[in-house]
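**Student:** So that we are looking at the same thing, I have put the structure below in structure tokens.
The values are calculated or read from the model by the stated rules, or taken from the named source; none is laboratory data. Note that the structure is predicted; figures quoted are calculated from it, not measured. Note: ideal-geometry Cβ built from the backbone for every residue, glycine included; neighbour counts use all protein chains shown. What goes into the accessible areas is simple: the full protein's heavy atoms, side chains included, and nothing from ligands, DNA or RNA. Shrake-Rupley method; radii C 1.70, N 1.55, O 1.52, S 1.80 Å.
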Amino acid sequence: MKGVALRFFEKFAPEDGTIAEHQKIIEKIGYVYYGKMGTPVSDKIIQMLMEQDEIKVLLIHSGKTDRYWATVEKIVKKQPQYDEFPSYYHNIADKFKTWFKIVKIEEAPKNVMGKCKVVSSGATLGEASKHSMSPYFIIEM
């Protein structure tokens, strides 16, 4: 199964953090949109992911050891409604070029970076992420 690994940081997040803010909306409406800043995920990659039975995104907290698996229902490039993503995104929503409709977030094992392979290089995600500024990685789990 293939998925996407995305880095996130807490620059814009409120005190309780990115994951907690997204989880609150999942608990309220059953899903949340997670926005990816910068370079959009290509249409080819989105189509490949959407053809799978299950779509997983690995959220990697930059500079920290926190890792989370997000179960994705849909991937879009059009901005969702404001009540479908955290309020701290509202003023910067135009910076997000790809949106992942997440229905579940769960903590990933600490060794997950060593278990995922980057499709383009065959390297483990742990190795590839140390030496790359890539905005996202396509991974095999």
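**Student:** Go through segment 90-124 and give me each residue that's under 21 Å from Ile19 (Cα atoms), touching a Lys or Arg at 6+ places or on another chain (Cβ under 9 Å) and open to solvent by less than 90 Å² (accessible area, probe 1.4 Å).
**Tutor:** Those that are under 21 Å from Ile19 (Cα atoms), touching a Lys or Arg at 6+ places or on another chain (Cβ under 9 Å) and open to solvent by less than 90 Å² (accessible area, probe 1.4 Å): Phe96, Lys97, Thr98, Trp99, Phe100, Lys101, Ala108, Pro109, Val112, Met113.
**Student:** Now for a separate question. What number goes with the only condition from (1) of a type outside the set (Ser, Thr, Tyr); (2) within 22 Å of Phe12 (Cβ to Cβ); (3) open to solvent by less than 40 Å² (accessible area, probe 1.4 Å) that Lys64 does not pass?
**Tutor:** Exception for Lys64: condition (3).
**Student:** For segment 116-139, which positions are within 30 Å of Tyr82 (Cβ to Cβ) and assigned to a loop (DSSP other than H, G, I, E, B)?
**Tutor:** Result: Ser134, Pro135.
**Student:** Something else: Could you look through segment 11-52, keep only residues that are acidic (Asp, Glu) and without any contact (Cβ under 8 Å) to a residue 12 or more places away in the chain, and pick out the one that is least open to solvent (accessible area, probe 1.4 Å)?
**Tutor:** Asp16
**Student:** Hey, can you tell me all the residues within segment 125-141 that are open to solvent by less than 70 Å² (accessible area, probe 1.4 Å) and either of a type in the set (Val, Ile, Thr) or more than 18 Å from Ile46 (Cα to Cα) (or both)?
**Tutor:** Hits for segment 125-141 are Leu125, Gly126, Ala128, Ser129, Ser132, Ile138, Ile139.
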